[in-house]
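K.L.:
Have a look at this one.
No lab work stands behind these numbers, since they all come straight from the coordinates. Predicted model only: the values in this text are computed from it and were never measured. Reconstructed Cβ throughout: ideal geometry from the backbone, glycine too, with neighbour counts over all protein chains shown.
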Amino acid sequence: MRPERPLVSHSVCDMTKAIIAQDLAVELSGNPILSGLHLTAAPGEIVTITGQNGVGKSTLLRCLAGLLPPAAGKLAVMDGPPSDEPAFWRDVALVADEPAWYPGLTVREHLKLMAAVHHRPRLTAERALELFDLAERADMAPLRLSTGQQQRLSLAMGLTRPSRILLLDEPERGLDADFRVRLGEILTEYAAEGGTVVMVTHDLQLAQVAGARRIDL
Amino acid sequence: MKEIRSLIRSGRPARSWADRYFIAFALLLVAAVVAQPISFVLTAAAGQVTPARVGAGLTLILVGYAAFLALSRALGPVVLPPADAAWLLLTPLSRRAVLSRTALVLLAISVAGGLVLGLALPVAVAAPGRLAAALVLGVAATVGGMAWAVLAQSSTAWDAWLQGTLTVVTVVAVLCTAVPHLLPSVPIGPAAAVVAATAVLLGWRAWSALTRMPARILLDASTRAGHLARATTNLDPGALTWIAEDNHWRTHDLRPHPWPERLPAFLSLAWTEVCRLARRPGRPALLLAATLLPMVASRAGIPAPGLLLVAAGALTAAASVTSGARRDGNNPALARLLGVDPRQTLATRALPPLLLGAAWIVLALTWLGLTGPWLLLGVLTAPAMAAGALRMARRQPVDHSLPLVDFGMGGIPVGPVLWALTGVDIALLGTLPTVQAALTQPAQLGGYVVAQALTGVAVLAAYIWRSRTP
């Protein structure tokens, strides 16, 4: 039996906001990690979350993704409480801090798969390969890629599929300086299409990507 | 090297009398356990055998030898404990001196494996008087095979030859069963002499090659062995599959396959499993050859019901195409990034194990001579096998927090037992009508066929329906 999540009251719902957190508190194994947090993110907005190690940035992201219930406060993601349910994951793409892939498939096949399982993919596999500078590695196994290339594949998978909210946990990991700039442009384009980006990062330059609102925990 | 080994030993506590007693007791126990099968073998060797049984027996021996070669090749075979690999390999010490202890261990393993094969040979061909020659043949074959695997570890040419030999041994094993009456009678004595001479040559070359073995290869193999040892001592067998899979794909080029553009979305996940299988042609070939095993075992007079082997083989075949489900289970982030309903995902992922399991059952039952309603009954167990294979792929690591249950002869840990039964449980549940038919051997199978069709589909549907994102 899953524990009851604090349900969002009707007053919290706001059609102009993709994410609304009011007086949010989060605990991990009974230890308070975050408390009294207010956060909003509108469609088309990029919100970057920065702060020292251990302040709860990734924990907040997990909470927004419905993987960790709030201990107190109110939280709405797309007009409802975040829930670890298929309907939620159809609209929310979470690129976790560890790159992930399926064994025995090439880079291209990962992107083809991501595009194939969604009726209206955001990008074609070939466009994603080009955008994320992976065309030369398209027929390789992800295990043979460098850390930065593996991270680019994870990001490419997250951005190939359609979503309304994109949650990124330290997407700059392993990326070179040039590609970090490119990533900023890619995220700006995603936001321009109406998507909401919430990104946890230690890269202050990336945190100041065009039009981004920075929250320092 | 001697000084370094004594320095390492000096940090360890001296062996106590209790330790020595334990070792001696363990050796006695092993001797007592081994004595009974040896006595059985020697008695069986004196009996008369038919040509069909000779062929089946030789097949099993050759399959055992092929498995020995494949395992040696997969595990290294030259490895060091992780600490030794990290500290001793990157020093000016003689490589052969560092690896000499490993070489001795490999020799001991080969001799033990060779003795088992050598003991089995006189039983297969009913030649009790040739036991000594058979033992020499078995030991020479395994020592030579291990030496070959050592050479293959650092040479692609030797590795290609070893793979070729593995294929030849497998093909000969199949031929032994398929056409037993055409088997030439090879004298064991001269064969043992030739194989022993070859083994000495290969052993000498392998011993010489140890000095030139690259540190990179040894470090990789030792890291792999370290993971394996950790997974074994932590009783986490699921991690072994993950490690083996990653090791395979890290060292193999992926041949590009065109993605079918008109493929319906719901079949995309199943297609990835097809891609994976097509990239490991050895695996379907091995599965195909394994369909003969129930028939071979039945002809060789091994006391295991043929249908039990068919069930085990079908479950293994189905489980061989569940990589995607396993990765979804172990890495929830990936499954969520995919953004597909877990039930839909699992339903699609059930297709390859269902089809492969069904194909395996058809072949195995046909070789066993079971056709008509029995064949139909067997095929209808495929959905239950697919459900079992998926459950096996998605099971969590062993839960070591579960209590020990005392059965009078000592405590049995519940966690590993439950882990081992996960998957087999619903496969068994879904094949109950067939199990009952096999036990009661009814004259009419119509009712059982209908019951099996409903049970198999119901178990698979229920498993998929109850699944959720890991």
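K.L.:
How high is the relative contact order of the stretch B:48-228, in percent, counting Cα pairs under 8 Å that sit 6 or more residues apart?
P.N.:
Working: 232 pairs, mean separation 70.3, N = 181.
This gives 39 percent for the stretch B:48-228.
K.L.:
Moving on to the next point. Can you tell me what share of the DSSP beta bridges in the protein assembly as shown is antiparallel? A percent to the nearest 5 is fine. Intermediate results must be reported in sequence, preceding the final value.
P.N.:
Numbers: 15 of 32 bridges.
The antiparallel proportion sits near 45 percent.
K.L.:
Under 15 Å from a label point 7 Å along Cα→Cβ of A:ALA42: give me every residue in the stretch A:180-217 with its amide N that close.
P.N.:
Correct set: A:191-197, A:211-214.
K.L.:
Whole-Å semi-axes of chain A's equivalent ellipsoid, largest first, each the root of 5 times a Cα gyration tensor eigenvalue?
P.N.:
Calculated on Cα positions only, the semi-axes equal 29, 18, 17 Å.
K.L.:
Would you tell me the mean number of C-beta atoms belonging to other protein chains that fall within 10 Å of each C-beta in B:238-246, as a whole number? Working shown, then result.
P.N.:
Numbers: counts 0, 0, 0, 1, 1, 0, 1, 3, 3.
That works out to 1 on average.
K.L.:
Taking the 0 to 90 degree range and rounding to the nearest ten, how far is the long axis of helix B:215-233 tilted relative to the main principal axis of chain B, both from C-alpha atoms?
P.N.:
Orientation of helix B:215-233: about 60 degrees from the principal axis.
K.L.:
Suppose R0 equals 25 Å. What FRET efficiency, 1/(1 + (r/R0)^6) with r the Cβ-Cβ distance, do B:ARG101 and B:SER16 give to the nearest 0.05?
P.N.:
Numbers: r = 23 Å, r/R0 = 0.91.
Taking R0 as 25 Å, the efficiency between B:ARG101 and B:SER16 is 0.65.
K.L.:
Can you give me the Cα centroid spacing of the stretch B:249-308 and the stretch A:32-48 in angstrom?
P.N.:
48 Å
K.L.:
Next up: Based on Cα coordinates alone, diagonalise the gyration tensor for the stretch B:123-217, multiply each eigenvalue by 5, take square roots, and list the semi-axes in whole Å, largest first.
P.N.:
29, 18, 9
K.L.:
What whole number of Å gives the distance from the Cα centroid of the stretch B:88-155 to the Cα centroid of the stretch B:161-223?
P.N.:
Cα centroid of the stretch B:161-223 versus Cα centroid of the stretch B:88-155: 10 Å apart.
K.L.:
Cβ neighbours within 10 Å, averaged per peptide: list A:91-104, B:101-114, B:264-277 in order, most packed at the top.
P.N.:
Working: A:91-104: 21.4, B:101-114: 17.3, B:264-277: 19.4.
With the highest mean Cβ count within 10 Å placed first, the list reads A:91-104, B:264-277, B:101-114.
K.L.:
For a label point 7 Å from the Cα of A:ASP216 along Cα→C-beta, name the residues of the stretch A:27-62 whose backbone N is under 11 Å from it.
P.N.:
A:50-52
K.L.:
Ok, one more. Compute the long axis of helix B:306-319 from its Cα atoms, compare it with the longest principal axis of the Cα atoms of chain B, and write down the angle in degrees, 0 to 90, nearest 10.
P.N.:
90 degrees
K.L.:
May I pose another question? Using unit Cβ charges (K, R positive; D, E negative) and no other charged atoms, how large, in debye to the nearest 20, is the dipole of the protein assembly as shown about its Cα centre? Let's see the in-between values first.
P.N.:
Values: 57 positive and 43 negative charges, 364 e Å.
Around 1740 debye, computed over the protein assembly as shown.
K.L.:
Also: Can you pull the mean other chain C-beta count within 10 Å for peptide B:261-273? If you can, show how the numbers build up before the last one.
P.N.:
Values: counts 2, 0, 2, 1, 5, 2, 2, 8, 4, 0, 4, 9, 3.
Shielding by partners across B:261-273 averages 3.
K.L.:
Same structure again: Only Cα pairs under 8 Å and at least 6 apart count here; give the relative contact order of chain A as a rounded whole percent. Write out the running numbers ahead of the final one.
P.N.:
Details: 425 pairs, mean separation 60.2, N = 217.
Worked out over chain A, it gives 28 percent.
K.L.:
Just tell me how shielded A:76-88 is by partners: mean number of partner chain Cβ atoms within 10 Å of each residue's Cβ, no decimals.
P.N.:
Working: counts 0, 0, 0, 0, 0, 0, 0, 0, 4, 4, 10, 1, 3.
Per-residue shielding by partner chains comes out at 2.
K.L.:
Then there's this: Could you tell me how many cubic angstrom of Cα convex hull volume the stretch B:48-228 has per residue?
P.N.:
Values: hull volume 19.1 nm³, N = 181.
Taking only Cα atoms, the stretch B:48-228 has a hull volume of 105 Å³ per residue.
K.L.:
Now, a different point. What distance in nm lies between label points placed 7 Å from Cα along the C-beta direction at A:THR124 and B:ARG255?
P.N.:
The modelled label-to-label distance comes out at 2.7 nm.
K.L.:
Quick one, could you list the DSSP H helices from chain A stretching 18 Å or more along their long axis (Cα atoms) with average Kyte-Doolittle hydropathy of -0.5 or above? Display every interim value, and only then the final one.
P.N.:
Details: long enough: A:147-160 (20 Å, -0.21); A:177-192 (23 Å, 0.16).
Counting only whole DSSP H runs, the qualifying helices are A:147-160, A:177-192.
K.L.:
Can you tell me the order of A:27-33, A:141-147 when each peptide is scored by its average per-residue count of other Cβ atoms within 10 angstrom, highest first? Don't jump to the answer; show the numbers that get you there.
P.N.:
On the way: A:27-33: 11.3, A:141-147: 17.7.
Descending packing order for the listed peptides: A:141-147, A:27-33.
K.L.:
Please find the FRET efficiency linking B:GLN36 to A:GLU85, where r is the Cβ-Cβ separation and R0 is fixed at 56 Å, and quote it to the nearest 0.05. Before the final figure, lay out the partial values.
P.N.:
Working: r = 57 Å, r/R0 = 1.02.
According to the calculation, E is roughly 0.45.
K.L.:
Taking neighbour Cβ counts within 10 Å as the exposure measure, how do B:TRP419, B:TRP367, B:TRP204 sort from fewest upward? Display every interim value, and only then the final one.
P.N.:
Working: B:TRP419 22, B:TRP367 19, B:TRP204 11.
Ascending Cβ contact count within 10 Å gives the list B:TRP204, B:TRP367, B:TRP419.
K.L.:
Can you grab the distance from the C-alpha centre of the stretch A:108-163 to the C-alpha centre of the stretch B:327-374, Å, no decimals?
P.N.:
26 Å
K.L.:
Also, quick follow-up: I'd like the orientation of helix B:51-75 relative to chain B: the angle between its Cα long axis and the longest Cα principal axis, in ° from 0 to 90, rounded to 10.
P.N.:
Long axis of B:51-75 versus the principal axis of chain B: about 70 degrees.
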